[in-house]
Amino acid sequence: MALRCLDLAGKVLWGPQAVDTKMSCKDFRELVATALGVPLNRVSLVLDAQVLDGLESLEVKGLDGERDVQILLGEDFSKEIQQIQQAMAEADRRISITPGLSNEEVSYLEGRYGFRFPPEFRDFLQAGVPVGGGWPDWHELASGTIPYGFAQDTVAEQIRWNCTPEEPEELYE
């Protein structure tokens, strides 16, 4: 099957490219995001008013033959996030900013530790990774070289401090 992704104006942003219909919608979205060089959470794919995401195969979604998929790209706030991160590093000299996480590292972390990054925190870590001053090295956690128990505790602590709403009622929004 050959797919291509068009923006709202009908401009081809990706493809046409042969794609295996057994591929999951999530994997297809990751493929397109990586090819475009954008964070995964900025990419939404739509076919006939259905969002292509999740573990269902492209075949289940009715993709066959040559098809056009609508691609919507969310706003990129990486420059603003990098300015905030730089201010963090200037305020606390123990913090250094390393390159952002790749889509592959994010997928590995989410799969290995059984959680999904909230979109804002994912954007934050894909713009740059603060290390030191209480921040773990997410690249090192994604490398799989840290013993699982220690890494699991570190990830759980980061989720608790950086990914949990401050007010209980925000948990259900």
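Identify the single condition in (1) without any contact (Cβ under 8 Å) to a residue 40 or more places away in the chain; (2) in the same structural domain as residue 108 (by TED's automatic domain parsing); (3) buried (at least 17 other Cβ atoms within 10 Å of the Cβ) that residue 25 does not satisfy, given that it satisfies every other one.
Among (1) without any contact (Cβ under 8 Å) to a residue 40 or more places away in the chain; (2) in the same structural domain as residue 108 (by TED's automatic domain parsing); (3) buried (at least 17 other Cβ atoms within 10 Å of the Cβ), residue 25 violates only (2).
Restricting the range 33-61 to residues that are aliphatic (A, V, I, L, M) and over 29 Å from residue 100 (Cβ atoms), which is surrounded by the fewest Cβ atoms within 10 Å (Cβ to Cβ)?
49
What do you reckon, is residue 12 modelled with pLDDT of 90 or more, aliphatic (A, V, I, L, M) and buried (at least 16 other Cβ atoms within 10 Å of the Cβ)?
no
Kindly state which helices (runs of 4 or more DSSP H) lie completely within the range 32-146 and contain at least 3 residues that are touching a residue at least 60 places away in the same chain (Cβ under 8 Å).
103-113, 119-127
Is it the case that residue 30 is within 21 Å of the chain's Cα centre (by Cα), farther than 22 Å from residue 102 by Cα and of a type in the set (D, E, K, R)?
No, not satisfied.
Quick check on my filter: what residues within the range 38-72 are more than 21 Å from residue 18 (Cβ to Cβ) and out of contact with any Leu (no Cβ under 8 Å at 6 or more places or on another chain)?
39, 40, 41, 49, 50, 54, 55
The values are calculated or read from the model by the stated rules, or taken from the named source; none is laboratory data. Everything numeric in this text was worked out from a predicted model, so none of it was measured. With ideal geometry, Cβ positions are generated from the backbone for all residues, glycine too; neighbour counts draw on all protein chains shown.
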